[in-house]
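One structure below.
FYI, it's all coordinate maths here, none of it is from the lab. Remember, predicted model here, so these are calculated numbers, not experimental data. With ideal geometry, Cβ positions are generated from the backbone for all residues, glycine too; neighbour counts draw on all protein chains shown.
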Ligand SMILES: [Fe+2]
Ligand SMILES: [Fe+2]
C-alpha cells in the first residue's frame, strides 16, 4: 500500500500540467485558442469583469472538486482494489478522471489558474478515501454518498446561478455541468445501494465529511 500511495501522489500532477502545456505553442509559448472559427470551445468570452470573476471562481472550484474526488477514489482503490468492490469503484473513478480532464481543458482554454490548495487536496482526498475504505466497503461507500451528495448540491447551485446570469450564453457549460451532476448522483445512489448506511458511525461520518467538503469548496473558490 505504501508503494501505491507514493506512486499515486507523484503521478497525480501530470494531467494538470499536461493539459496546461498542451495549449501553448511549442515555439513562441503563446496560448493557442481552440474551437475553430468562433474562437472558443465551450465558454464564450465574458461580457464584463464581474461575470468573468464569477466564472473563474466556478471553474476553479469545479476543477478542485473533481481533483479531490479523483484523490478520494485513488485512496479507496489503494485499499479495496483486490476486493469485490474494486471494479465498481474503478468505474466511478474512471468517470471522475473524465470530469477532471474536462475541467483541466476548460481552465487552460480560459486561462483560469487552479486553486493553490491542490497540494492539500491531493493528500487530504487520498487520506479520506483510504481511511474510510479501511472501515470496509461500507465505509468507502459512506464516504462516496457524503461527498457526491455535496458535489451534486454544489453543481445544482451553479446551474441556478448560470440560468439566472444568461442561460443562452452558457448553454454548453450548463449542459456539461448537468451531465457531470447526473453522474455524481449515480455515484451517490451506487453508494446507498452498496450498503453505505451500514457503515459504523454512518451519520456522524456523513456530517463530518460534508462539513469538510463545504469548507474545501469555500476555500477553493477564493484561493
Ligand atoms: Fe466528478
Ligand atoms: Fe462522482
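Quick look at the numbers
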{"item": "Footprinting exposure proxy for 213, 143 (fewest neighbouring C-beta atoms within 10 Å first)", "result": "213, 143"}
{"item": "Cβ-based exposure ranking for 203, 93, in which fewest neighbours within 10 Å come first", "result": "203, 93"}
{"item": "Alpha-carbon centroid distance for the pair the range 177-223 / the range 38-97, whole angstrom", "result": "14 Å"}
{"item": "49, 181 arranged by Cβ crowding within 10 Å, fewest neighbours leading", "result": "49, 181"}
